[in-house]
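To start, the structure itself, in structure tokens.
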């Protein structure tokens with residue numbers, strides 16, 4: 001399980017860093033070229049937007065891995081250690097179902113421009129390549145949620161990369 005986690009972490013980090021780095025580099029080059037030699041990269045803005053969208057969906061998975069999504073923990077205050085664990089399991093299960101349903105629809109969304117060979121306006125890139133970021137992000141999130149469910153069910157540290165894990169913190173008290 002740890003080897004799988006390490007490989008998945010490297011893939012997520014690499015995809016997010018590459019897409020965000022590409023967007024930043026292209027934006028800088030575009031501005032420099034525009035103001036120094038009056039040359040406009042006509043496809044640059046579209047490529048930057050698509051890269052940032054891709055990094056956002058991959059970044060959501062990284063945020064999940066670090067347990068940094070916004071959540072309301074008021075209900076967990078009324079439970080002990082086992083109750084909090086059950087609540088966390090239920091929350092992860094709901095998120096897993098959400099990712100499965102929306103992710104399934106996302107793969108269908110990709111099929112439409114793929115079958116009709118629709119192109120992005122400026123890049124002339126197949127639009128399914130642009131849309132693929134949504135199902136990839138949701139699929140990676142689905143896999144991470146499976147991992148979280150497994151760790152929660154086994155009583156292991158749910159979010160090893162988080163700054164603090166509420167279950168481990170409770171055990172230390």
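Observations, loosely collected:
- Subset of segment 116-128 [crowded, with 16+ Cβ neighbours inside 10 Å and part of a helix (DSSP H, G or I)]: 127, 128
- Qualifying positions in segment 4-36 - farther than 22 Å from residue 56 by Cβ and surrounded by 14 or more Cβ atoms within 10 Å (Cβ to Cβ): 5, 33
- Residue among 123, 119, 93 that is closer than 18 Å to residue 61 by Cα and at pLDDT 85 or above: 93
- Qualifying residue in segment 128-143 (condition: in contact with a helix residue (DSSP H, G or I) (Cβ under 7 Å, 6 or more places away or on another chain), modelled with pLDDT under 90 and under 19 Å from residue 51 (Cβ atoms)): yes
- In segment 78-95, the condition of being outside any strand (DSSP E or B), without any contact (Cβ under 8 Å) to a residue 12 or more places away in the chain, closer than 22 Å to residue 146 by Cβ and within 13 Å of the chain's Cα centre (by Cα) is met by no residue.
Conditions (1) touching a strand residue (DSSP E or B) at 6+ places or on another chain (Cβ under 7 Å); (2) more than 22 Å from residue 121 (Cβ to Cβ); (3) part of a helix (DSSP H, G or I); (4) in contact (Cβ under 8 Å) with a residue 24 or more places away in the chain, marked per residue:
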| residue | (1), (2), (3), (4) |
| --- | --- |
| 19 | no, no, yes, yes |
| 29 | no, no, yes, no |
| 47 | no, no, yes, yes |
| 54 | no, no, yes, yes |
| 58 | no, yes, yes, yes |
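- Some residue of segment 100-109 being surrounded by 15 or more Cβ atoms within 10 Å (Cβ to Cβ), out of contact with any strand residue (DSSP E or B) (no Cβ under 6 Å at 6 or more places or on another chain) and outside any helix (DSSP H, G or I): no
- Boolean, residue 74 is exposed (fewer than 14 other Cβ atoms within 10 Å of the Cβ) and farther than 19 Å from residue 143 by Cβ: yes
- Test result for residue 113, at pLDDT below 90 and surrounded by 12 or more Cβ atoms within 10 Å (Cβ to Cβ): yes
The values are calculated or read from the model by the stated rules, or taken from the named source; none is laboratory data. These numbers were taken from a predicted model, which means no experiment stands behind them. We place every Cβ from the backbone using ideal geometry, glycine too, and count neighbours over all the protein chains shown.
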